[in-house]
Amino acid sequence: MNGEYFETAEVSDIGRKRKNNEDACLRIDAHGVFLVADGMGGQSGGDIASETIVTTLQEVFSKTTAQDDDTLPKRVAVFRAATNRASKWIKDFADEKVVGQMGSTIVALVVDPRDPRRAVGMHAGDSRLYRYRNSELKQITVDHSAVNAMAAKLGIPIEKVPAKYQNELLRAVGLTESVELEKTPVDVSTGDIFMICSDGLCKMVPDSGIAKIIKDGLRTDAKSIAQSLVNAANEAGGKDNCTVVIVRARDLSGAPRLAVPDDDDKTPIPPEDLLANMPPLTPVPAADTPHGSDSDDIRGDTPQTPVTSDSQAKKEEAKPASPEKFADPVTPVGETQTHFITRADAKRSSEKKAAPAPAPTPQKRTIDDDKSEAPTPAKGFPIGLIIGIVAALAVGVGIWFAVKSRSSPPQAVAAAPATASAASTAPPPLPEPTTPAPSPASSSQSQTQAGYNDAMNNARAAWGKGDFNGVVSYTATALQLMPGDAAATKLAADAQGQLKNQDSWRTAFINGRTAYGNGDYKNALAWANEALKYIPGEKSASELRDNAQQKVSESSADDQKYQAAWRAGEAALKNDDLSTANAKAQEMLAIRPNDPTAQDIIKQSSQMMDYESAQHAYNEGDYDYALQICQNYSTVDTFQQLAQKCQTEQATFNDAKGRLASGDYSFVGNLQGTALAHKAAFAKLLKQADSEQQTLSKLQALKSSGNWQAAASTLADPANAALVNKPPFQAINQWAKSGADAVQNQKQLQQANATFEEMLVWFNIKRPNDPYIQTSEARQQVRYDGQLDDKQRQEYLTTIAQLQTIFASSGLLNQNNRAKLLKDLEETVAHHE
């Protein structure tokens with residue numbers, strides 16, 4: 001079906017700066033699948049990655065049965081399964097060959113096998129899908145790039161995003177065992193031109209330039225348009241490989257229609273079922289040494305995105321979390337955390353690929369260190385949760401030691417781990433003694449004084465270390481030696497106060513960290529500020545406060561972004577811009593997964609698309625299809641009203657159509673001048689009726705003039721073949737046929753009479769100069785004196801019988817003595833020797 005309704009072509013070029021073409025493209029017309037893949041990885045084999053995608057999709061679809069591919073959801077499921085199959089092979093290949101990062105973007109147009117007016121865009125990365133319609137070029141896909149993400153997050157134009165983000169992607173095929181493809185609904189109309197391209201085109205030629213090239217090539221074929229676009233990219237510098245696939249919709253007016261769009265979320269097709277009978281993926285030929293390289297110009301290559309290997313992620317998981325710092329939970333893209341890699345990193349990676357090298361080690365992101373990044377989760381397990389658990393265990397151990405140290409002697413306290421506060425914050429200044437030490441009065445007093453001095457010195461030393469439990473223990477000893485001593489009493493009270501502050505700080509800090517780990521950033525901020533009341537400036541609480549404040553700000557920014565997308569989506573719905581409405585709803589879902597408001601926008605846009613289809617069918621007079629769609633929304637007022645109008649007009653249309661078929665043109669006067677006369681179906685009916693009436697008037701005039709020959713010729717025209725059986729035309733056709741029959745009979749009679757007179761001469765019944773002989777042919781004949789064989793005799797007898805029939809049917813047999821002469825001829829021939 002797709003080949004019937006679409007004209008397609010592709011062109012791929014290496015460009016003017018590259019040594020190797022890492023782009024690949026594929027057109028599967030029979031399955032309505034068209035795509036471009038842009039490999040990345042420099043020396044790591046981007047061309048292997050892109051070629052693997054194309055080869056896998058070609059192989060999978062070539063073995064896909066009609067049953068597996070008879071709806072759009074099934075076709076999309078096959079596409080996703082094949083893409084993930086390729087992604088796993090690329091990932092395994094890169095790990096096995098130790099070639100570092102290796103992957104490819106992908107962008108595709110997948111057409112509904114049952115209704116070519118419907119399609120979806122599937123993509124990961126920054127290769128793009130555009131649609132050109134009514135002199136306007138519109139980008140359908142949204143680049144999965146750091147530039148777009150940063151611009152949206154900061155609310156700034158893309159041009160103002162720092163240069164370091166210009167060559168970074170958020171998604172690609174082959175970096176992990178599976179890839180999340182973004183699906184975008186696409187409506188297709190007659191004359192639409194879809195352009196699928198790598199960034200080698202859109203980074204060299206602006207959208208306005210692309211639109212002009214397509215417009216200038218509308219009178220050419222799809223291949224010429226694709227070639228012109230690639231030529232423009234090369235003329236602009238050709239800094240990268242450039243690949244373009246063109247898909248142009250032909251006349252879709254006669255195409256089959258699908259009443260309700262299929263929902264692949266409601267009819268999932270497990271990839272393992274689809275690929276169960278497929279043979280193992282054929283590896284792309286590759287040597288142990290790296291593939292052809294563009295390393296001398298890697299900064300101009302497709303952006304690269306590193307993902308930590310499974311083994312590396314497990315090593316990172318095994319590291320205990322510091323009790324003073326904890327991981328910053330980061331919302332993942334899809335199911336895994338996204339990381340970036342710079343061009344310099346990619347180049348270093350490619351230069352070291354000859355020897356086995358570990359995957360890039362992710363930097364831990366802490367509260368006060370936004371320059372580092374959170375590690376990638378291993379096998380999809382949330383790394384933030386792992387680190388949070390480890391951190392909580394560490395704090396619990398610290399609390400246990402702190403509690404135990406209160407009942408331990410000073411030596412045991414000194415050996416126990418310091419609390420988070422003591423480890424990171426200097427103790428308050430040591431209180432000065434309020435009473436001088438008493439003078440020794442005796443040996444016993446001297447010993448008491450010495451013990452008191454030792455205890456107070458130890459207490460002050462413990463204070464300096466932040467060991468307030470030790471301070472309490474040593475001051476208790478001092479007070480046993482000198483009860484009521486003001487200095488020891490004050491130092492003990494101050495230490496008790498510090499311990500109380502530590503307990504309050506610890507409780508607030510743990511509560512704040514728990515709230516942070518649960519994503520409750522506002523409460524985390526409140527608890528952090530509470531902790532800092534007890535130990536001002538404490539590092540861990542300060543980090544918690546700063547990071548929670550950042551998350552609260554980010555949440556506020558996300559709320560603003562969500563609200564902006566919501567408003568734009570609602571406005572797009574009002575303006576019937578359904579593609580934009582879907583795109584904005586997807587933005588809302590990215591911020592708030594499973595958001596009912598976003599899902600409602602998607603539902604409304606789908607409903608509006610169906611309403612447009614039903615309205616179009618109604619306007620075209622395809623009432624059956626329009627009613628079929630309306631039945632699926634029987635509870636919606638707008639569809640009910642449309643269905644009622646369809647039924648009313650369908651009855652009027654069927655009546656007019658029936659009258660036209662019978663040659664009754666009285667309905668024309670009833671319809672002319674009404675609104676129905678301007679609708680496509682009725683206008684076509686009226687036009688046909690007018691044409692038939694004109695033909696009928698012409699035939700009636702010919703009959704009046706007796707020109708049956710012209711009438712017969714008019715009715716014999718193939719264009720008027722359907723008119724002959726209509727009552728007004730049947731009488732005229734019979735009249736013309738009678739005239740033709742009369743002429744034919746006259747010719748036949750003249751020929752029969754000539755043959756009759758010739759035979760009279762041959763068999764000497766009449767002589768050539770006999771007055772009976774009137775035809776010139778008979779006057780030139782001579783008597784037949786030869787013999788007759790049996791065959792000749794029978795032929796003459798047959799001719800005589802035919803002459804007798806012709807003369808009888810025309811009423812001439814009994815005139816001019818023909819009956820007797822025929823009898824004489826018969827006897828003569830029968831006895832002629």
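The values are calculated or read from the model by the stated rules, or taken from the named source; none is laboratory data. Predicted, not measured: the structure shown is a model, and the values here were computed from it. Every residue, glycine as well, gets a Cβ built from its backbone with ideal geometry; the counts of neighbours run over all protein chains shown. With ligands, DNA and RNA removed, areas are computed over all heavy atoms of the protein, side chains included. Shrake-Rupley method; radii C 1.70, N 1.55, O 1.52, S 1.80 Å.
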Exercise for the section: Calculate the translational D of the range 471-583 in whole µm² s⁻¹ from Stokes-Einstein, where the hydrodynamic radius comes from the Kirkwood formula applied to all Cα pairs, the temperature is 4 °C and the viscosity 1.567 mPa s. Expected result: 73 µm²/s
Fill in the blank from the handout: The base-10 log of I(q)/I(0) that the Debye equation returns for the range 122-216 at q = 0.15, 0.17, 0.19, 0.20 Å⁻¹, one scatterer per C-alpha, is -0.70, -0.87, -1.03, -1.10
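If you take every residue apart from residue 130 with its C-beta less than 9 Å away from the C-beta of residue 130, what net charge results, scoring Lys and Arg +1 and Asp and Glu -1?
+2
If each residue of separation counts as 0.36 nm, what is the full-extension length gain between residue 647 and residue 564 once their alpha-carbon separation is subtracted? Walk me through the numbers before you get to the answer.
On the way: separation 83, 0.36 × 83 = 29.88 nm, distance 4.19 nm.
Length difference between fully extended and current span is 25.7 nm.
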Exercise for the section: Note down the nm distance, to one decimal, between modelled labels 7 Å out along Cα→Cβ at residue 65 and at residue 624. Expected result: 3.0 nm
Problem - Cβ-placed point charges (K, R +1; D, E -1), dipole of the range 173-266 about Cα centre in debye, nearest 20 - result: 580 debye
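Report the FRET efficiency, 1/(1 + (r/R0)^6), for residue 726 and residue 677, where r is their Cβ-Cβ distance and R0 is 25 Å, rounded to 0.05. Write out the running numbers ahead of the final one.
Values: r = 22 Å, r/R0 = 0.89.
Result of the calculation: an efficiency of 0.65.
How would you rank 657-667, 526-536, highest first, on the average number of other Cβ atoms within 10 Å across their residues? The partial results should precede the final answer.
On the way: 657-667: 14.5, 526-536: 20.0.
Result, highest mean Cβ count within 10 Å first: 526-536, 657-667.
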Fill in the blank from the handout: Subtracting the Cα-Cα distance of residue 592 and residue 664 from 0.36 nm times their residue separation yields 19.6 nm
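Return the tail of the calculated pair distribution for the range 711-833, meaning the percent of Cα-Cα pairs more than 26 Å apart. Don't skip to the end; give the middle numbers.
Numbers: 2926 of 7503 pairs.
The answer is 39 percent, as a whole percent.
Going down the table (138/561; 212/645; 63/203; 63/239), which pairs top 32 Å between alpha carbons? Mind dumping the intermediate values first?
Values: 138/561 22 Å; 212/645 42 Å; 63/203 36 Å; 63/239 38 Å.
Over 32 Å apart, Cα to Cα: 212/645; 63/203; 63/239.
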Fill in the blank from the handout: Between the residues 526, 451, 499, the Cα farthest towards the positive end of the dipole of the range 442-574, that dipole coming from +1 and -1 charges on the beta-carbon of Lys, Arg, Asp and Glu, is from 526
Completion exercise
Under the 7 Å Cα-to-Cβ spin-label approximation, residue 701 and residue 454 lie apart by a distance in nanometres of 14.1 nm
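Going down the list 574/603; 164/522; 183/223; 703/737, which pairs span over 20 Å between their C-alpha atoms?
On the way: 574/603 14 Å; 164/522 32 Å; 183/223 27 Å; 703/737 12 Å.
Pairs exceeding 20 Å: 164/522; 183/223.
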Practice task
Arrange the residues 828, 475, 507 by how much accessible surface each exposes, largest first, with a 1.4 angstrom probe.
Solution key: 507, 828, 475
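Full-extension gain between residue 203 and residue 215, please, as 0.36 nm times their residue separation minus the C-alpha to C-alpha distance. Intermediate results must be reported in sequence, preceding the final value.
Numbers: separation 12, 0.36 × 12 = 4.32 nm, distance 1.97 nm.
Taking residue 203 through residue 215 to full extension adds about 2.3 nm, to one decimal.
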Handout entry: Rough spin-label spacing in nm, given labels placed 7 Å along Cα→Cβ, for residue 750 and residue 136
Key = 7.3 nm
Completion exercise
Computed from every Cα-Cα pair in the range 739-790, P(r) in 10 Å bins starting at 0 and rounded to whole percents is 26, 40, 24, 9, 1
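Taking every pair of alpha-carbon atoms in the range 529-603, give the share separated by more than 21 Å as a whole percent.
Numbers: 1249 of 2775 pairs.
Every Cα pair in the range 529-603 considered, those over 21 Å come to 45 percent.
Go through the range 734-809 and name the trypsin sites (Lys or Arg not before Pro) that are in a DSSP coil and have 15 or fewer other Cβ atoms within 10 Å of their Cβ. Write down the numbers at each step before the final one.
Numbers: sites: 737, 747, 766, 779, 783, 791, 793; in loops: 766, 783.
When the trypsin sites (Lys or Arg not before Pro) of the range 734-809 are filtered for loop state and at most 15 Cβ neighbours within 10 Å, 783 remain.
State the dimensionless ratio Rg/Rh of the range 710-775 (Rg: radius of gyration of Cα atoms; Rh: Kirkwood radius). Don't skip to the end; give the middle numbers.
Working: Rg = 20.0 Å, Rh = 14.8 Å.
Computed over Cα atoms, the ratio is 1.35.
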Practice task
Starting from the coordinates of the alpha-carbon atoms of the range 54-142, obtain the Kirkwood hydrodynamic radius over all distinct pairs and give the value in Å to one decimal.
Solution key: 14.9 Å
